[in-house]
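**Student:** Got a structure for you, written out below as structure tokens; questions coming shortly.
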Amino acid sequence: MAKIVITGGEVLNGEVQISGAKNAVLPILCATLLADRPISIGNVPHLHDVTTTMELLGALGAQLTVDEKLTITVDAGAQLQTVAPYELVKTMRASILVLGPLLAKHGHAEVSLPGGCAIGSRPVDQHIRGLQALGADVVVENGFVKARADRLRGGRYAFDMVTVTGTENVLMAAALARGTTVLENCAEEPEVVDLANCLISMGAKIEGAGASTLTVEGVGRLHPTTHRVVGDRIVGATWGIAAAMTRGDVTVHGVAPAHLQLVLNKLRDTGAVVETFDEGFRVRADARPKAVNVSTLPFPGFPTDLQPMAIGLAAVADGMSLITENVFEARFRFVEEMVRLGADARTDGHHAVIRGVEQLSSAPVWCSDIRAGAGLVLGGLVADGVTDVHDVEHIDRGYPRFEEILRSLGGEIERVSG
Ligand code: UD1
């Protein structure tokens, strides 16, 4: 495993262009399995998880091509394999997103249950129950979710809790079901809306994208299209928070500020000046951030994927912050690594209380997942001395050109291969 070595104390200044969202491109790649003819996807981020998904689609029998701009074209017109084995899905939980499309298109799907996860248990019961509401026979057997249905039929399902990939899986399946499907308590994340927009441009009949009730009129087949993936709000906000922490001035292009309203308001509350424009925003700070409380919730709430960065910000803020994690129960595990960096933090269940310190102190730390890794690097930026962040392959799953961008903003950072 590689490590990133950061020399703290630099102020981040400059401009960043953000590419498409990981959490939108992965379901959209899986949605291509629903069509008979090629689908082209642009604004694709250069990420390990994209490569992993492409390998999975290729192993199922889809034909993929990639051009020099990283536009991916997927032709899933042939009869595909409908079994996704553990070796292909173990490194990425989003692989479960092939379940709905394979079932809807080919009448059968077996997807291995992915293994454990550093941020907490991530069951797929809602994916299963949603597909059952569309008439599928689904069992969990020998470590696989096994689903079968000659042709799905429209149905009604209210999710027990808001689930992003659960909503996406059932939405994709409903697109080809016979009749009308009504899904309630759906995720409203911009990435779900982006998937719905892509499906609509493939000919799906979906109403309500971005609201909690989705109505889908199933169609017989979906046709070719070209889709540009929505910008990655989590990556964009990471650089905005880094600007506030280092008292810098960073302009982010390629992310709709409407997708980050609550986060940008929190940054304003820390004392930073935040300007927004059509497809971007600028964060400027010239003083120590003031402490703010943060509570993670499904969209439009504060994203759980930015909770580690909120902890980093709180660690050097003036005052005491209460951070509440409402989505993933084990997502505070990484706080121990923040404490190694000198954060004055205590967790109790899903609450973390952080008393900000003037400066963190460098220490070797270990990434456990994508976002924890990014949070630790932000910590390293405001620590004295040299911080080694180990196991940075996690960061590569979600952040394209991570060190290159950080360096272009003035960060002193290098990667050392393990
Ligand atoms: C997606 C994102 C991830 C983000 C998360 C929450 C992708 C590829 N990943 O993950 O980056 O952190 O949304 O915004 O888009 N749950 C169940 N049963 C289910 C499904 C979910 O109990 O069948 C629970 C989970 O344990 C969790 C909560 O619902 O507590 C939300 O999880 P969910 O929205 O499903 O997360 P993912 O879609 O896996």
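**Student:** Being modelled with pLDDT of 95 or more, open to solvent by less than 50 Å² (accessible area, probe 1.4 Å), polar (S, T, N, Q) and closer than 21 Å to residue 182 by Cβ is true for just one of 126, 132. Which residue is that?
**Tutor:** 126
**Student:** Just give me the residues in segment 370-418 being among the β-branched types (Val, Ile, Thr), buried (at least 21 other Cβ atoms within 10 Å of the Cβ) and in a strand (DSSP E or B), in sequence order.
**Tutor:** 387, 389, 413
**Student:** Restricting to segment 116-138, what's the tally of residues that are assigned to a loop (DSSP other than H, G, I, E, B), within 13 Å of the ligand (Cβ to nearest atom) and in contact (Cβ under 8 Å) with a residue 24 or more places away in the chain?
**Tutor:** Summing the residues that are assigned to a loop (DSSP other than H, G, I, E, B), within 13 Å of the ligand (Cβ to nearest atom) and in contact (Cβ under 8 Å) with a residue 24 or more places away in the chain in segment 116-138 gives 7.
**Student:** Separate question: Considering only residues of segment 145-157 that are without any contact (Cβ under 8 Å) to a residue 40 or more places away in the chain and touching a helix residue (DSSP H, G or I) at 6+ places or on another chain (Cβ under 9 Å), which is most open to solvent (accessible area, probe 1.4 Å)?
**Tutor:** Taking the candidates together, the pick is 156.
**Student:** List, please: which pairs have Cβ atoms under 7 Å, are six or more places apart or on different chains, and start with a residue in segment 8-33 that is at positive phi and end with one that is of a type in the set (S, T, N, Q) and more than 13 Å from the ligand (Cβ to nearest atom)?
**Tutor:** 14/408
**Student:** Also: Would you say residue 170 is open to solvent by less than 20 Å² (accessible area, probe 1.4 Å), touching a residue at least 40 places away in the same chain (Cβ under 8 Å) and outside any helix (DSSP H, G or I)?
**Tutor:** So residue 170 does not fit the description; no.
**Student:** Within segment 1-115, which helices (runs of 4 or more DSSP H) (wholly inside it) include 2 or more residues that are out of contact with any strand residue (DSSP E or B) (no Cβ under 7 Å at 6 or more places or on another chain) and surrounded by fewer than 17 Cβ atoms within 10 Å (Cβ to Cβ)?
**Tutor:** 48-60
The values are calculated or read from the model by the stated rules, or taken from the named source; none is laboratory data. Not measured: the values here are computed from a predicted model. FYI the Cβ positions are ideal-geometry reconstructions off the backbone, even for glycines, and counts take in every protein chain you see. Ligands, DNA and RNA are excluded from the accessible area calculation, which covers all protein heavy atoms including side chains. Shrake-Rupley method; radii C 1.70, N 1.55, O 1.52, S 1.80 Å.
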